[in-house]
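Take a look at the structure set out below.
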Amino acid sequence: MIPSSAVAVQCVSLSQSFDDAIVRFRLGDGLFPHATIYMARFEYSSLPAVRNTLQETISKLQPIKLIHSGYYQTPGQYIEVSYQRTEELLMLHHQVVQAVKRYRYKPKAPEYESFWGAYEDQQQKYAKQTGYDLAYDLYRPHITLTRYKEGRTPAEFPAFPQADLSFMLPKIALYKADANGAIYEEVATFEIT
């Protein structure tokens, strides 16, 4: 989910405030702010089908508001802007997963993503079912700001400004992502009207 331009600018600014010496990436350095709906690997040959299916699914959407609920540091040392798991957002997540999971790469033996370390049982189950270890009841809407380098996590949580980073969802996009899950190249964009 692509945030409003105002929220995107704020997220890039927050990400850029981190010292290069302690983080693996910063938004704005060829990487774009986004809130993941569903993350999976797809063969290049399946992208037209994924794009068409997403277009059909997203064309039926009503506007959705993402409500900022704070900040979070994950077990994998990511720093995130967190959003409420509203009924509308969970429904969107389920619709997108159901619509395109059949096109994913290696559906019976998904690639292991090392974002968090070892998968817990529920994560393994969802990775096999959907290709995404944080699907369904593990889904956590967020915008990743950065990820700390191994052994470089500060003792204190960053002091972020008290800005409200809520937004009406303007568009959803299909992107290529790097090994940290950061998006860097647009494949398709779908406007929500």
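The values are calculated or read from the model by the stated rules, or taken from the named source; none is laboratory data. Keep in mind that this is a model prediction, so the values were computed, not measured. Heads up, the Cβs are rebuilt from the backbone with ideal geometry, glycines too, and the neighbour counts pull from every protein chain shown. Calculation scope for accessible area: heavy atoms of the full protein, side chains included, ligands and nucleic acids excluded. Shrake-Rupley method; radii C 1.70, N 1.55, O 1.52, S 1.80 Å.
Here are the numbers for the structure shown:
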{"read-out": "Unmet requirement for ASP29, which otherwise passes all of (1) open to solvent by 50 Å² or more (accessible area, probe 1.4 Å); (2) modelled with pLDDT of 95 or more", "value": "(2)"}
{"read-out": "Every residue from the range 74-84 that is open to solvent by 60 Å² or more (accessible area, probe 1.4 Å) and either modelled with pLDDT under 95 or under 27 Å from GLU150 (Cβ atoms) (or both)", "value": "PRO75"}
{"read-out": "Scope the range 176-191; condition within 20 Å of ILE79 (Cβ to Cβ) and either among the β-branched types (Val, Ile, Thr) or assigned to a strand (DSSP E or B) (or both); matching residues", "value": "ALA177, ILE183, TYR184"}
{"read-out": "Residues within the range 85-102 that are more than 30 Å from PRO154 (Cβ to Cβ) and open to solvent by 20 Å² or more (accessible area, probe 1.4 Å), tallied", "value": "10"}
{"read-out": "Search result, residues across the range 47-84 that are touching a Pro at 6+ places or on another chain (Cβ under 8 Å) and either of a type in the set (A, V, I, L, M, F, W, C) or under 13 Å from ALA35 (Cβ atoms) (or both)", "value": "LEU66, ILE79, SER82, TYR83, GLN84"}
{"read-out": "Check on PHE18, modelled with pLDDT of 95 or more and surrounded by 15 or more Cβ atoms within 10 Å (Cβ to Cβ)", "value": "yes"}
{"read-out": "Top-ranked residue in the range 47-74 [being out of contact with any Asp or Glu (no Cβ under 6 Å at 6 or more places or on another chain) and in a loop (DSSP other than H, G, I, E, B); ranked as nearest to MET168 (Cα to Cα)]", "value": "PRO63"}
{"read-out": "Only one of ILE67, ILE37 that is modelled with pLDDT under 95 and surrounded by 13 or more Cβ atoms within 10 Å (Cβ to Cβ)", "value": "ILE37"}
{"read-out": "Whichever residue in the range 104-143 is part of a loop (DSSP other than H, G, I, E, B) and modelled with pLDDT of 75 or more and, among such residues, is most open to solvent (accessible area, probe 1.4 Å)", "value": "TYR105"}
{"read-out": "Residue list for the range 40-64, restricted to those being open to solvent by 60 Å² or more (accessible area, probe 1.4 Å) and within 16 Å of the chain's Cα centre (by Cα)", "value": "ARG41"}
{"read-out": "Members of the range 1-15 found to be under 13 Å from the mean Cα position of the chain (by Cα) and surrounded by fewer than 16 Cβ atoms within 10 Å (Cβ to Cβ), listed by number", "value": "none"}
{"read-out": "Residue pairs meeting the criteria (Cβ under 9 Å; at least 6 apart or on separate chains; first part of a helix (DSSP H, G or I), in the range 1-27; second of a type in the set (A, V, I, L, M, F, W, C) and open to solvent by 40 Å² or more (accessible area, probe 1.4 Å))", "value": "ALA8/PHE32; VAL12/PHE32"}
